[in-house]
Amino acid sequence: GDVGRGRLADPGAIVERALSALGRTRDLEGRRVLVTAGPTHEPVDAVRFLSNPSTGKMGFELACAARKQGADVTLVAGPVALENPAGVEVVRVNTALEMERAVSSAFPQSDIAVFAAAVSDYRPANPSARKLKKGADDEALSRIDLVRNPDILAGCGKAKRAGQVVVGFAAETDDLVENAQAKLASKNADFIVANDVSRGRVFGADENEVVFVSRAGEKRLPLESKRQVAEAILDEAKKFLK
Ligand code: C5P
């Protein structure tokens with residue numbers, strides 16, 4: 001056939017058509033998206049820490065989905081086994097205090113910030129720089145004093161400018177929507193992604209069943225893959241932009 005000069009459609013238009021054929025567009029081109037992911041490790045001593053079973057899957061899917069839609073993405077990740085998603089700026093941290101520092105440097109420039117990390121609420125007040133020994137350090141190891149970690153999402157919610165979209169998560173075993181509404185207010189988020197963890201799911205799972213809770217009401221999503229949930233979260237966040 002004739003494949004001469006001037007016969008190809010504009011490459012940008014081809015990409016756009018292919019993306020819309022896949023149901024996705026580069027809606028987030030020129031936008032900055034910040035995502036937190038994973039657990040944090042809060043040291044007890046040189047070899048022990050407090051943490052939780054978060055794998056970071058949800059946050060990494062969010063970062064990938066935002067990147068696919070053309071955003072400049074910063075992913076602040078706690079200690080997880082996942083690889084850096086292509087084209088995403090990844091800042092690896094261990095503790096909640098390190099996560100807070102990384103987030104506060106990226107948040108002011110972000111258009112959308114999604115807080116998917118399972119941050120430890122408490123940290124040992126006096127972590128030991130050396131390994132505590134069972135026996136000799138029984139006293140120190142059998143009573144670990146804890147102090148509250150900063151609420152990173154609430155700090156950003158408070159600092160939020162007009163036009164910035166802030167999304168939080170709420171994992172609850174009881175009164176899902178009521179608790180999510182309380183978090184929406186206390187953390188000054190635009191919406192909360194609430195998930196019911198009462199049936200022992202979510203942590204490490206590939207699928208997730210969530211409810212979006214905003215000041216306009218609630219929207220229940222079906223059980224979907226974390227990739228689909230990530231896309232739905234970004235679609236919802238886009239409605240709050242501008
Ligand atoms: O209050 P709760 O921990 O249930 O709130 C969960 C939401 O707050 C999540 O979006 C989580 O990432 C965020 N969070 C935070 N810093 C904390 C605790 C929670 O950013 N110290």
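The values are calculated or read from the model by the stated rules, or taken from the named source; none is laboratory data. What you see is a predicted model, and the numbers here were worked out from it, not measured in a lab. Don't worry about glycine lacking a Cβ; one is built from the backbone with ideal geometry, like all the others, and counts go over all protein chains shown. Heads up: the accessible areas ignore ligands, DNA and RNA and are worked out on the full protein's heavy atoms, side chains in. Shrake-Rupley method; radii C 1.70, N 1.55, O 1.52, S 1.80 Å.
Per-structure values
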| read-out | value |
| --- | --- |
| Among 137-147, 60-70, 157-167, 188-198, the order from most to least packed when residues are scored by Cβ within 10 Å on average | 60-70, 188-198, 157-167, 137-147 |
| Two-site label geometry, residue 239 and residue 198: point separation in nm, points 7 Å out along Cα→Cβ | 2.6 nm |
| Whole-number accessible area per residue in Å² for the chain, which is evaluated in the context of all protein chains at 1.4 Å | 54 Å² |
| Ranked by how many other beta carbons lie within 10 Å on average, peptides 96-104, 41-49 from highest | 96-104, 41-49 |
| Computed over the chain: relative contact order in percent, which uses C-alpha pairs under 8 Å that are six or more apart | 18 percent |
| Accessible-area composition of the chain, carbon plus sulfur, in percent [1.4 Å probe] | 50 percent |
| Euclidean distance between Cα centres, the stretch 167-235 to the stretch 40-113, Å | 19 Å |
| Residue 83-residue 138 FRET efficiency (beta carbon distance; Förster radius 35 Å; 0.05 resolution) | 0.30 |
| Principal axes of the stretch 121-170: Cα extent on each, largest first, Å | 56, 22, 13 |
